[in-house]
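*Asks:* Before we start, here is the structure in question, set down as C-alpha cells.
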Amino acid sequence: MMKRLTVAALVCVCALVPRAARADNGGWLDWLYSLDPKLVGYGTEFHLCLDATNKIVNCEDWFGIPHKLFGKPWVTLDNVRHEVDFRVGYYWKYGDRFSDVPDDAVKGDSIHALKLMVLYHYRPPDKHLAVGFGAGFMPFFGDGFEGFSRGIVTPISIIYAPAASGHSSSTGDFWKKAFIIRAESSYIMQGFTGLDFGNATTKYTSNGGEWNFSAAFGFDFRRSH
C-alpha cells in the first residue's frame, strides 16, 4: 500500500491587496494531512454575519470593490457574533499520482478538484477566538478517469488571533492585528483507490473514510479596520 504521508498545501490568496483571487478575509497557508494523491491549490471565502441580537451585519467586503470604487468604509468584525463562511477552493495535482506505479499507461495524469464548503463560526466577545463546524464536498476530475466526489464533515474549526483587532495606525500594527492561526479536523466520508483515478496497476488504496487535520496561518484583514 502506498505510504500515506501526503501534504496537500492550500494557498488561499484571498486578501484586500492587488493580487489574484482575493476576498475580504485575507489568506492562509493550509496543510492537509493523509490525503492522497497530493494536491495544491487556491481558495477563498465569502461571509454572512449576525450580531448578538441576530441582526444581519455587513462583514463581506466583496474583494474591496465597494471601498475602492465608492469610498465605502472597510468592514470589521467588531459586532459579529455568528459568521457563516462559504468556502471555495480549486486544487491540482503536484508530483506523481502514486509512489509505486508511474502513470505512463494513462493518457495524461492530471487531477483537479474543487472544495465547496459551508462553515459556521461563533465569535464570542473575546475577539481573539472563533469556534465552529461545517460540511461540504470535493468533486474530482481529470485525465483518464470519470469525475467523482467525496463528502467532507468538519466537526471542529478553531480560529485564534493573538493580537486584538481594531484600527491600525502603522503597517506593522496592521499585519499584527490581521494575523490568525486556524486548526480544523475534517472527515472525508469515503476513501480512494487507484481505479478512482484510472490506474488499475497501483496497489494504492485507502479503505473507508479518513480523518484529515488542517493547520493554517494567515491574515484576516477585517480585523485591522
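The values are calculated or read from the model by the stated rules, or taken from the named source; none is laboratory data. As the structure is a computational prediction, the values presented were derived from the model and not from experiment. Ideal geometry is used to build each Cβ from the backbone, glycine not excepted, and the neighbour counts take in all protein chains shown.
Here is a yes/no grid of residues against (1) farther than 21 Å from Ala113 by Cβ; (2) assigned to a strand (DSSP E or B); (3) charged (D, E, K, R):
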| site | (1), (2), (3) |
| --- | --- |
| Phe140 | no, yes, no |
| Ile152 | no, yes, no |
| Ser165 | yes, no, no |
| Lys176 | yes, no, yes |
| Arg182 | no, yes, yes |
| Gly191 | no, no, no |
| Asn199 | no, no, no |
| Phe213 | no, yes, no |
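*Asks:* Determine, yes or no, whether Lys176 is surrounded by 16 or more Cβ atoms within 10 Å (Cβ to Cβ), touching a Ser or Thr at 6+ places or on another chain (Cβ under 7 Å) and either farther than 16 Å from Glu83 by Cα or charged (D, E, K, R) (or both). It would help to see each step written out before you state the result.
*Replies:* On the way: surrounded by 16 or more Cβ atoms within 10 Å (Cβ to Cβ): yes; touching a Ser or Thr at 6+ places or on another chain (Cβ under 7 Å): no; either farther than 16 Å from Glu83 by Cα or charged (D, E, K, R) (or both): yes.
Criteria not met by Lys176.
*Asks:* It is to be established whether one or more residues within segment 115-133 are within 20 Å of Phe192 (Cβ to Cβ), part of a strand (DSSP E or B) and either touching a residue at least 40 places away in the same chain (Cβ under 8 Å) or more than 17 Å from the chain's Cα centre (by Cα) (or both). Can you show your working first?
*Replies:* First, pick out the residues of segment 115-133 that are within 20 Å of Phe192 (Cβ to Cβ): 115-117.
Filter once more, keeping what is part of a strand (DSSP E or B): 115-117.
Pick out the ones that are also either touching a residue at least 40 places away in the same chain (Cβ under 8 Å) or more than 17 Å from the chain's Cα centre (by Cα) (or both) and you get 115.
Yes - at least one qualifying residue is present in segment 115-133.
*Asks:* Among the residues of segment 181-204, is any more than 21 Å from Asp85 (Cβ to Cβ), aliphatic (A, V, I, L, M) and surrounded by fewer than 18 Cβ atoms within 10 Å (Cβ to Cβ)? Outline the logic, then answer.
*Replies:* Initial filter on segment 181-204 (more than 21 Å from Asp85 (Cβ to Cβ)): 190-204.
From what is left, the residues that are aliphatic (A, V, I, L, M) are 195, 200.
Checking the rest, the ones that are also surrounded by fewer than 18 Cβ atoms within 10 Å (Cβ to Cβ) come to 195, 200.
Yes, the conditions are met somewhere in segment 181-204.
*Asks:* From Phe141, Phe133, Phe98, Phe145, which residue is touching a helix residue (DSSP H, G or I) at 6+ places or on another chain (Cβ under 7 Å), surrounded by 14 or more Cβ atoms within 10 Å (Cβ to Cβ) and modelled with pLDDT of 80 or more? Spell out how you get there, then give the answer.
*Replies:* Details: Phe141 fails: touching a helix residue (DSSP H, G or I) at 6+ places or on another chain (Cβ under 7 Å); Phe133 fails: touching a helix residue (DSSP H, G or I) at 6+ places or on another chain (Cβ under 7 Å); Phe98 fails: modelled with pLDDT of 80 or more.
Just one listed residue meets the conditions, Phe145.
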